[in-house]
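Everything below concerns the one structure shown next.
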Amino acid sequence: MKQVMSAFAFVLGLVLGLIGGAALLAYAYQAAGLYPPDDATIKFIARERGWLRDDV
């Protein structure tokens, strides 16, 4: 029974660690501005720079 509880605790810690690590990595990427811009951001920048016309 003790081994079953230890294995369960190990798997639970592994899952929580992976989720926490992924969340921390995603936060770091977002904070550093490394995520690629989405379509709305690209269109906004293009309109600001005059590369995109609204009448098209």
Practice task
Return yes when residue 52 is surrounded by 10 or more Cβ atoms within 10 Å (Cβ to Cβ), of a type in the set (A, V, I, L, M, F, W, C) and at pLDDT below 90 and no when it is not.
Solution key: yes
Practice task
Just need a number here: residues in the stretch 2-49 that are of a type in the set (Asp, Glu) and either at pLDDT 90 or above or outside any loop (DSSP other than H, G, I, E, B) (or both).
Solution key: 2
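The values are calculated or read from the model by the stated rules, or taken from the named source; none is laboratory data. These numbers were taken from a predicted model, which means no experiment stands behind them. Note: ideal-geometry Cβ built from the backbone for every residue, glycine included; neighbour counts use all protein chains shown.
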